[in-house]
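Engineer: Take this structure first; my questions come after.
What follows draws every value from the coordinates through simple rules; no lab data is involved. Model, not experiment: these values are computed from the prediction. Positions of Cβ are backbone-derived with ideal geometry, glycine not excepted, and every protein chain shown enters the neighbour counts.
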Amino acid sequence: MVLLVVMLCFQSGIAQTVVVPADKKAKASPLLFNDAAVKDGENIYNKNCVSCHGNPTKANYQKSMSPIPGDPAEEKFQKNSDGELFYKIGVGNAVMPMFKNILSEEERWKLVGYIRSFNKSYKQPPLEVVVVNLLSKTVKLAISYNEKSHQIAITAKGKIKNDTVPLKGSEIVLYAKRYFGRLQIETVKQTNQQGTVLFAFPKDLPGDKVGNIELIAKINDELFGEVSVSKTLKIGIPTDKPSLTEKRAIWNVNAKAPIWILLTYTIGVLVVLSFLIYIIFSIIKIKKVSKKNN
Ligand code: HEC
């Protein structure tokens with residue numbers, strides 16, 4: 001019995017929603033929730049959220065999930081401040097993914113705008129003035145590579161007026177560019193006291209002919225905002241991959257289509273044409289015969 005009570009408490013403890021720090025709670029949106037923003041928010045919602053939360057006002061969210069995600073038009077969502085909604089979308093919870101590294105701040109605010117569009121009594125508070133965007137231009141990310149340990153070091157520095165300071169505890173994501181899309185290297189990491197973070201780079205990643213790989217580092221700093229830089233380093237395995245359009249292939253231009261496609265296509269067209277000619281001749285023959293008989 002005691003165990004059951006403990007378990008129940010534990011369960012409800014897990015199900016409890018995220019605690020939002022006071023300064024985040026009071027944060028207002030820097031962008032106006034006008035029709036365009038709400039429309040963008042709707043598109044972002046339909047791509048990322050509808051699978052769990054359903055269509056707002058329809059209460060068609062995933063009811064089998066625990067805790068239940070809920071309908072954004074309902075009180076459970078609407079009683080949050082804008083800052084709380086923004087924060088909760090960013091950090092996610094046990095079930096919901098953390099969206100702050102998937103969606104930009106602007107996209108997350110647009111989501112808040114979309115959620116608010118289902119609340120008739122909502123009035124948007126005064127916009128938050130953003131200094132962040134002006135400052136963000138002065139963030140510097142330095143990417144270097146240690147051959148021995150096969151590690152990528154990224155150092156983040158910010159410049160406020162004439163002072164350069166290491167950005168401590170900022171989140172950094174590292175990607176390697178691939179043929180189609182990006183490959184994330186390790187997980188999101190936080191910079192140390194010197195503003196540096198180390199990523200172990202895979203030893204067997206194919207690069208281009210000489211082993212070049214393009215790296216993209218993205219920083220998400222509270223004060224400086226989001227900045228990304230890219231750098232090409234010779235850290236991959238040299239791979240002599242023919243260009244996608246060098247050889248005959250299905251995805252290539254007409255002139256470089258595979259021979260078998262050209263052949264089957266041509267033969268097909270010829271067969272259909274000869275059938276047509278045969279049919280026309282037959283019709284002419286029928287006419288001639290019927291004339292004779294008359
Ligand atoms: C994998 C399923 C899933 C996805 C995808 C998902 N959520 Fe959630 N969401 C949940 C669950 C479960 C909860 C928790 C409800 C609770 O704790 O009561 C939740 C809670 C929330 C809350 C907090 C509501 C409250 O009670 O204060 C917000 C806001 C939210 N989601 C917004 C979004 C937005 C916006 C997206 C898309 C960017 C999204 N969610 C995507 C499952 C999901």
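Engineer: Residue by residue through segment 16-35, note down the ones that are surrounded by 14 or more Cβ atoms within 10 Å (Cβ to Cβ) and in a helix (DSSP H, G or I).
Structural biologist: Of everything in segment 16-35, those that are surrounded by 14 or more Cβ atoms within 10 Å (Cβ to Cβ) and in a helix (DSSP H, G or I) turn out to be Lys24, Lys25.
Engineer: Can we say Leu111 is within 28 Å of Ile216 (Cβ to Cβ), near the ligand (Cβ under 8 Å from one of its atoms), touching a Gly at 6+ places or on another chain (Cβ under 6 Å) and not basic (Lys, Arg)?
Structural biologist: Yes; evaluated as a whole, the condition is true for this residue.
Engineer: On the given criteria, is Lys88 within 7 Å of the ligand (Cβ to nearest atom) and out of contact with any helix residue (DSSP H, G or I) (no Cβ under 8 Å at 6 or more places or on another chain)?
Structural biologist: Answer is yes for this residue.
Table: residues versus (1) under 39 Å from the mean Cα position of the chain (by Cα); (2) part of a loop (DSSP other than H, G, I, E, B); (3) not β-branched (Val, Ile, Thr).
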| residue | (1), (2), (3) |
| --- | --- |
| Gln194 | yes, yes, yes |
| Pro202 | yes, yes, yes |
| Glu226 | yes, no, yes |
| Ile250 | yes, yes, no |
| Trp260 | yes, no, yes |
| Val271 | no, no, no |
| Ile280 | no, no, no |
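Engineer: Go through segment 18-56 and give me each residue that's within 15 Å of the ligand (Cβ to nearest atom) and among the hydrophobic types (A, V, I, L, M, F, W, C).
Structural biologist: Hits for segment 18-56 are Val18, Val19, Val20, Phe33, Ala37, Val38, Ile44, Cys49, Val50, Cys52.
Engineer: Next up: Run Lys209 past the list (1) within 26 Å of Arg108 (Cβ to Cβ); (2) surrounded by fewer than 12 Cβ atoms within 10 Å (Cβ to Cβ); (3) touching a residue at least 12 places away in the same chain (Cβ under 8 Å) and report the number of the one that doesn't hold.
Structural biologist: The failed condition is (1).
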